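Below: one structure, written as structure tokens.
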Amino acid sequence: MNPFVLEACVDSVESALAAVKGGATRLELCSNLVIGGTTPGVSLFKQVRACCDVPVHVLLRPRYGDFLYTEPEFQMVLEDGEMLRALGADGIVAGCLTADGNLELDRMEKLRKAAGDGHLTLHRAFDVCRDPFQALEEAVNIGVDTILTSGQKDSAPEGAGLLKELAEKAGSRLAVMAGGGVCAETIDLLAKTCGIRNFHMSGKISLDSGMVFRKEGVNMGIPGLGEYTVFRTEESQIRAAREVIEKAVGYR
């Protein structure tokens with residue numbers, strides 16, 4: 001068993017290569033990371049799979065927003081999961097909730113089946129569920145391998161108390177992975193106070209577009225977010241996080 005996991009969340013080939021070079025042990029591949037991530041396209045997955053020699057897990061999220069999916073939306077999630085697994089994804093990352101804030105057990109069981117013998121991560125839908133301890137036990141029963149969580153707070157350091165409780169209750173039954181506000185500066189605290197050995201981060205920075213001609217006053221997406229900013233994972237941030245993890249868990 002690996003002593004730790006450093007998973008980098010990436011939405012481009014460039015970010016994937018930087019993350020692996022920096023020492024990420026696993027990738028979570030998505031599109032549109034700036035809005036929390038959506039399901040990656042097939043061509044993006046194929047390129048990342050071909051150039052990266054670490055496990056690649058794919059995020060299954062059909063849209064921005066909540067995790068209460070219509071039947072067509074869930075069918076998209078399920079079919080994308082089956083297709084990407086067939087193309088070589090090592091695992092899927094997904095989560096479905098009911099309107100009253102509980103795990104949608106029937107759909108989660110279908111996702112477990114879609115993952116086959118691959119990894120199933122319950123993503124941060126967990127962070128907006130009604131009862132995290134009930135959801136933990138249900139995830140164990142379904143066969144979830146990892147819960148990605150910030151401890152139901154905006155960031156993992158803020159949710160450190162719940163993360164510690166979850167890690168203790170989970171034991172060896174599944175992995176609790178800290179995500180949200182995770183970086184080299186926060187990993188030591190999370191490892192030592194919560195017993196966490198699995199970390200999820202993007203390590204992203206904003207780069208200025210290479211466009212010389214710039215048409216001002218035209219916004220095509222989120223208000224306040226410029227059209228000439230590109231987000232990429234920075235290799236040095238991943239490397240710094242890896243060094244801290246190795247020291248924190250006594251890795252040799």
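Computed from the coordinates by the stated procedures, all read-outs in this text should not be read as laboratory data. The structure presented is a predicted model; accordingly, all values stated were derived computationally and were not measured. Positions of Cβ are backbone-derived with ideal geometry, glycine not excepted, and every protein chain shown enters the neighbour counts.
Normalising the Debye intensity of region 107-252 to I(0), with uniform scatterers on Cα atoms only, and taking log10 at q = 0.21 Å⁻¹ returns -1.20. Quick check: from the Cα gyration tensor, does region 202-252 come out rounded (a/c under 1.5), prolate or oblate? Prolate, since a/c reaches 1.5 and a/b exceeds b/c. On a per residue basis, the convex hull of the C-alpha atoms belonging to region 17-79 measures out at 91 Å³.
Ignoring lysines fewer than eight residues from Lys21 along the same chain, the ones with Cα atoms less than 28 angstrom from its Cα are Lys46, Lys192, Lys204, Lys247.
Above 26 Å lies some portion of the pair distances; for region 43-168, what is it as a whole percent of all C-alpha pairs?
Counting every Cα pair in region 43-168, those more than 26 Å apart make up 21 percent.
Only Lys, Arg, Asp and Glu carry charge here, each on its Cβ (+1 for the first two, -1 for the last two); on that basis region 1-138 has a dipole of about 440 debye about its Cα centre.
State the percent of C-alpha pairs, over all pairs in region 154-215, separated by a distance greater than 18 angstrom.
Considering region 154-215, 42 percent of its Cα-Cα pairs are separated by more than 18 Å.
Across the alpha-carbon atoms of the chain, the computed radius of gyration and Dmax are 17.8, 56 angstrom.
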